[in-house]
Amino acid sequence: DAKTTQPTSMDCAEGRAANLPCNHSTISGNEYVYWYRQIHSQGPQYIIHGLKNNETNEMASLIITEDRKSSTLILPHATLRDTAVYYCNTMGSGSGNTGKLIFGQGTTLQVKP
Amino acid sequence: GAGVSQSPSNKVTEKGKDVELRCDPISGHTALYWYRQSLGQGLEFLIYFQGNSAPDKSGLPSDRFSAERTGGSVSTLTIQRTQQEDSAVYLCASSWNSGSGREQYFGPGTRLTVT
C-alpha cells in the first residue's frame, strides 16, 4: 500500500470545521483512501473511504484531489468528542489484498472549547 | 446491528499461564483480523482470517501465539506460557474485505495484563 503523510497535530475550535489533510502521492489506480480515528483508550473506528469522488456520510466528508495525490477529511462541526488521533490509509481493491491495517503516526486532533 | 464483541474485556494472568481471547465478528463478515496495541504504541497486526483459513499470520510474534476461526465466525487467540511483554490491548476487527468494501470494524478489545 502507498505511504501516507499527515501533520502530527492540529487544533480546532469546538463547533468549527476540522480539516485534516493527507498526502498519498504514490497511490495507485485501484487504491482507495480510508480514514480511521482512535479516541483515547478505545479501539480504532472507521470513518469514511473513497476512490476518486468526494464522499460524505453521517460522520464526515472526504475530499480527494483530482490527481488523487492528496485528500482532506472534513468534520463539519467538531465537538470535544472528536478529539482523537486520525489515520489516513490507502488500500488496494484487488482480490490478493489482505486488507490488514498499518497505521502511521496519524494526526492528533485536539478540539478546544 | 450488533458490532464486534470481544471477551473478556480484561484479563490478568500470571507469567507462564495460558490465556484464550475470544472475538465474535459482525455477522456475515468474511474477514477477521487480530491486532494488538501496547501502551502508547501503534497498532500491530497479528493475523488475518478469510473464512476459516489464515492466509496471513505473519504478525504473530512467536510460536506461543496461535489463533483459529471456526464456522467462518468466532475466533480465538491463544497465548501460551504468557510473558510480561505480552501485556497489551488485543483488538479484533472484521470486514467484508472485498473490492471497495475493506473498512474494518473493531471490537472494544481485551486488556491483557501479565504479572
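Only the coordinates and a few stated rules stand behind these numbers; no lab work does. Predicted, not measured: the structure shown is a model, and the values here were computed from it. Methodologically, a virtual Cβ is constructed for each residue, glycine included, from the backbone with ideal geometry; neighbour enumeration extends over all protein chains shown.
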| said: With every atom except the alpha carbons ignored, what do you get for Rg and Dmax of the protein assembly as shown, in angstroms? | reply: 17.9, 55
| note | Residue separation between B:Trp96 and B:Asp63 times 0.36 nm, minus their alpha-carbon distance, gives in nm 9.1 nm
| said: Taking a virtual spin label 7 Å from the Cα of B:Thr30 along the C-beta vector, which residues in the stretch B:87-104 bring their backbone nitrogen under 16 Å of it? | reply: B:94-104
| request: Within the stretch A:74-100, which residues have the backbone N less than 19 Å from the label spot 7 Å out from A:Glu58 along Cα→beta-carbon, could you tell me? | output: A:74-83
| Which of the lysines could a cross-linker bridge to A:Lys100, judged by Cα under 18 Å and excluding same-chain residues fewer than eight apart? | A:Lys3, B:Lys57
| Within 10 Å of each Cβ of B:60-68, how many other protein chain Cβ atoms are there on average? | 0
| task | Return an integer: the convex hull volume of the alpha-carbon atoms of the stretch B:1-68, in Å³ per residue. | result | 117 Å³
| request: Just need log10 I(q)/I(0) for chain A at q = 0.13, 0.14, 0.15, 0.20 Å⁻¹, Debye formula, equal scatterers on the alpha-carbon atoms, no solvent, rounded to two decimals. | output: -0.45, -0.52, -0.60, -1.05
| note | Taking the alpha-carbon centre of each part, the distance from the stretch B:19-83 to the stretch A:1-33 in Å is 28 Å
